[in-house]
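The values are calculated or read from the model by the stated rules, or taken from the named source; none is laboratory data. Since this is a predicted model, take the numbers as computed values, not measurements. Heads up, the Cβs are rebuilt from the backbone with ideal geometry, glycines too, and the neighbour counts pull from every protein chain shown.
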Amino acid sequence: MNSIPRFSHYRCCLCGKEYSPDQVFYNCLVDGGNLDIILDIPTIRKNNSREAILSSAETSLWRYLPLLPVADPGYHGTPLRLAGGTPLLHPLPLEKKLGLHTLWIKDEGKNPSASFKDRASAVVVARAREIQASTVVTASTGNAGAALACMSAAVGQPAVIFAPKSAPPAKVAQLLVFGAKVILVDGNYDSAFDLTVQAAEEFGWYCRNTGYNPFTVEGKKSAAFEIWEQVLHHRTSNKPLVLFVSVGDGNIISGLHKGFKDLLELGWIEQMPRIMGVQSSGSAAIANAFFAGDEQIIPVQANTLADSISVDLPRDGVRAVRAARQTGGTYLLVEDDAILQAIATLGKVGIFAEPAGATAFAGLQLAVMNGLVTAEDDVLVMNTGNGLKDIRAAMQAVSPAPVIDPDMKSLKKYLGV
Ligand SMILES: *Cc1c(COP(=O)(O)O)cnc(C)c1O
Ligand SMILES: [Zn+2]
């Protein structure tokens, strides 16, 4: 059954136009809408049992290979085989403090390049090998680029990364260390995005851009499969799981939604989780469309310290609006101060999140305050990125450490004893 192509067709999320697997690479040729990759679910169901997947020895996202639109890429023993398979934490002090039935945190900072983006980049690089792309390229606020650079390094695939010159230094360091050709743009993420699309077109590079390349969502949906295995598969409650995720371009939330839709279609789950998108109030284009009750995404002038979700024009906004709307979820807007506080709160249970990662938890705190989740709810919060990615922001979330002379007298003076 592993014959190429591994999916039946693409379908535009706006106009519904369908394309064959070899007809297009990126968005709809008519209206620029994001393309969904449509799997051949009856065939998958016929050839795969959920028991086989549940008992797979593979611990990375490649355990879901039968549900992914690429062939087995190989490269065992490389970071490509380490994307996904992230731990689920159960922080009791926070669960108690928020008065929830159960609180889980899924720590995507444990991915090979320390963010959720590795899921997308692993699958895009597998696709790039399939179509024998010479060079892969992406625009990135940092994490997508680091993930693409990491996965490309793993398989010896040349990679070019465009990032805004304001990207946090740790992210730029990752790009450089992974050996990508790194080009910093004197502009914001959106201008880097547009330049990348033009460069890819002119030079024949394969473009990973979020909300442009349909395979990113297919990689990201693997997190939904893991949530199925780690939580949904065992749960007895008949209330839907409530899932909190931070949103910038809207591709992670769309990926999670796609994963749960695939599972529903396979008949492996009966109920969708309620998907709650959290944006910074300084970068709220998708939440604005959600609250306006439509799908028209109007660009904003993004201004937030959570660089990974700082986006003027989200490239996957329509599907991101639908992810919340079609699952009984909603959007929440949090201030930068609340994001910094959430970094400190998560830190106290041993979880180190970058600002965009802590944003989802800040959204949960707001939702508890507003009564959107209650004591009967089971809640899962995604931490999408590791705090080491952005030390500048982390230091803003905590008070500085004192400096003392190295003697007992100074120590006692400082301790007040
Ligand atoms: C990219 C990213 C997000 C947001 O994902 P989108 O697909 O842009 O909505 C959130 N958190 C982190 C750490 C990210 O890198
Ligand atoms: Zn279309």
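Considering only the range 355-414, how many residues are assigned to a loop (DSSP other than H, G, I, E, B) and either touching a Gly at 6+ places or on another chain (Cβ under 7 Å) or among the small types (Gly, Ala, Ser) (or both)?
The number of residues fulfilling the criteria is 5.
Look through the range 274-294, keep the residues that are modelled with pLDDT of 95 or more and part of a loop (DSSP other than H, G, I, E, B), and return whichever of them is surrounded by the fewest Cβ atoms within 10 Å (Cβ to Cβ).
The extreme case among them is 293.
Report, by residue number, each residue of the range 180-222 that is surrounded by fewer than 17 Cβ atoms within 10 Å (Cβ to Cβ), modelled with pLDDT under 95 and not in a helix (DSSP H, G or I).
Within the range 180-222, just 187 meets the criteria.
Say whether the condition of being within 19 Å of the chain's Cα centre (by Cα), part of a loop (DSSP other than H, G, I, E, B) and within 16 Å of ligand 1 (Cβ to nearest atom) is met by at least one residue in the range 64-83.
yes
Of all residues in the range 141-161, which are closer than 24 Å to residue 314 by Cβ, at pLDDT 95 or above and within 15 Å of ligand 1 (Cβ to nearest atom)?
Residues satisfying the conditions are 143, 144, 145, 146, 147, 148, 149, 151, 161.
Quick check on the range 1-49: of everything there that is assigned to a strand (DSSP E or B), of a type outside the set (Ser, Thr, Tyr) and touching a His at 6+ places or on another chain (Cβ under 7 Å), which residue is surrounded by the fewest Cβ atoms within 10 Å (Cβ to Cβ)?
18
Name the single residue, out of those in the range 313-326 being within 12 Å of ligand 1 (Cβ to nearest atom) and part of a loop (DSSP other than H, G, I, E, B), that is surrounded by the fewest Cβ atoms within 10 Å (Cβ to Cβ).
Top of the filtered list is 313.
Among the numbered criteria (1) among the aromatic types (Phe, Trp, Tyr); (2) under 21 Å from residue 383 (Cβ atoms); (3) within 16 Å of ligand 2 (Cβ to nearest atom), which one does residue 104 miss?
(3)
Looking only at the range 39-63, how many residues end up being under 21 Å from the mean Cα position of the chain (by Cα) and within 18 Å of residue 231 (Cα to Cα)?
Within the range 39-63, residues that are under 21 Å from the mean Cα position of the chain (by Cα) and within 18 Å of residue 231 (Cα to Cα) number 4.
Given the condition within 16 Å of ligand 2 (Cβ to nearest atom), within 24 Å of residue 310 (Cα to Cα) and touching a residue at least 40 places away in the same chain (Cβ under 8 Å), answer yes or no: does some residue in the range 197-212 qualify?
Yes.
Given the criteria touching a residue at least 60 places away in the same chain (Cβ under 8 Å) and not aliphatic (A, V, I, L, M), does residue 345 qualify?
yes
Would you check if residue 174 is in a helix (DSSP H, G or I), within 15 Å of ligand 1 (Cβ to nearest atom), in contact (Cβ under 8 Å) with a residue 60 or more places away in the chain and not small (Gly, Ala, Ser)?
Here the answer is yes, as residue 174 does meet what is asked.
So residue 238 passes all but one of these: (1) surrounded by fewer than 20 Cβ atoms within 10 Å (Cβ to Cβ); (2) part of a loop (DSSP other than H, G, I, E, B); (3) at pLDDT 95 or above. Which condition number does it fail?
Here residue 238 meets the rest and fails (3).
Would you point out the residue of the range 366-396, among those that are buried (at least 21 other Cβ atoms within 10 Å of the Cβ) and among the hydrophobic types (A, V, I, L, M, F, W, C), that is farthest from the chain's Cα centre (by Cα)?
For the range 366-396, the residue satisfying everything is 373.
Name every residue in the range 313-332 that is more than 16 Å from ligand 2 (Cβ to nearest atom), under 18 Å from the mean Cα position of the chain (by Cα) and not polar (S, T, N, Q), in order of residue number.
313, 314, 320, 321, 323, 324, 329, 331, 332
Going through the range 84-129 one residue at a time, which ones are closer than 22 Å to residue 241 by Cα and part of a loop (DSSP other than H, G, I, E, B)?
Listed by number, the residues that qualify are 84, 85, 86, 87, 90, 91, 99, 100, 101, 116.
Which residue out of 306, 338, 344 is within 14 Å of ligand 1 (Cβ to nearest atom) and at pLDDT 95 or above?
Unique residue meeting the criteria: 306.
Of everything in the range 162-173, what is closer than 24 Å to residue 312 by Cβ and surrounded by fewer than 24 Cβ atoms within 10 Å (Cβ to Cβ)? Give them in sequence order.
164, 165, 166, 168, 169, 170, 172
Of 133, 146, which residue is surrounded by fewer than 24 Cβ atoms within 10 Å (Cβ to Cβ) and out of contact with any His (no Cβ under 7 Å at 6 or more places or on another chain)?
The unique qualifying residue is 133.
Is there a residue in the range 12-34 that is within 15 Å of residue 261 (Cβ to Cβ) and away from ligand 1 (no atom under 16 Å from the Cβ)?
No: zero hits.
Every residue in the range 99-109 that is surrounded by fewer than 20 Cβ atoms within 10 Å (Cβ to Cβ) and touching a strand residue (DSSP E or B) at 6+ places or on another chain (Cβ under 8 Å), please.
101, 102 - these are the residues of the range 99-109 that are surrounded by fewer than 20 Cβ atoms within 10 Å (Cβ to Cβ) and touching a strand residue (DSSP E or B) at 6+ places or on another chain (Cβ under 8 Å).
Which number in (1) among the polar types (S, T, N, Q); (2) surrounded by fewer than 20 Cβ atoms within 10 Å (Cβ to Cβ); (3) within 30 Å of residue 195 (Cβ to Cβ) marks the one condition that residue 121 misses?
It is condition (2) that residue 121 fails.
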